[in-house]
Amino acid sequence: MEEKTFDPDLIRAIFKLVWEKRGAEREKNQLSENEAEAGPSTTKRSRQIPANGNALKLSCELLRVFVAEAIQRAAAIAEAEGSLKIEATHLERILPQLLLDF
C-alpha cells in the first residue's frame with residue numbers, strides 16, 4: 001500500500017504565501033520606523049525566495065507523520081470512550097501533548 005503524502009506544490013504555495021505575508025509586514029514595520037525617524041523613504045521589494053526541493057520533501061514528510069500521529073492518538077482516545085468516530089474534542093485533548101512531542 002502506497003503511503004499518502006502532501007503535494008510538494010501545495011506546501012510550496014503555503015510557504016510562499018506565509019513568506020510574502022511576513023515580508024509585507026516587515027516592509028510595513030520598516031516603513032513606519034523610517035517615516036518616524038526621517039520622513040518617507042523607499043524600501044526594497046520582496047525578493048523571491050526559492051524553496052529547496054529537499055526541504056519541501058522533508059516538510060511534506062513531517063506533515064504526513066504529524067497528521068498520522070494526531071489521527072492515531074485521537075483514535076485511541078475515541079476508542080477508550082467507546083466512540084467509533086474521531087471528533088474535534090478528541091483532537092483537542094491530544095493536541096497539547098502532540099505539539100510538545102513534535
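The values are calculated or read from the model by the stated rules, or taken from the named source; none is laboratory data. Here the structure is a predicted model, which is why all the values come from computation and not from measurement. We place every Cβ from the backbone using ideal geometry, glycine too, and count neighbours over all the protein chains shown. Protein only, heavy atoms only, side chains kept; ligands, DNA and RNA dropped before computing areas. Shrake-Rupley method; radii C 1.70, N 1.55, O 1.52, S 1.80 Å.
One table, with the values for the structure above:
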{"item": "Heavy-atom accessible area order for Ile94, Ile14, largest first, 1.4 Å probe", "result": "Ile14, Ile94"}
{"item": "In sequence order, calculated HN-Hα J values of region 6-21 (Karplus, 6.51, -1.76, 1.60; Hz; x Gly/Pro)", "result": "7, 6, x, 5, 5, 5, 4, 5, 5, 4, 4, 4, 5, 4, 5, 5"}
{"item": "R0 of 30 Å, Cβ-Cβ distance Lys4-Gln97: FRET efficiency to nearest 0.05", "result": "0.80"}
{"item": "Accessible area (Å², 1.4 Å probe, nearest 10) - Arg12", "result": "90"}
{"item": "Sites Asn29 and Ala55, calculated FRET efficiency, Cβ-Cβ separation with R0 30 Å, nearest 0.05", "result": "0.70"}
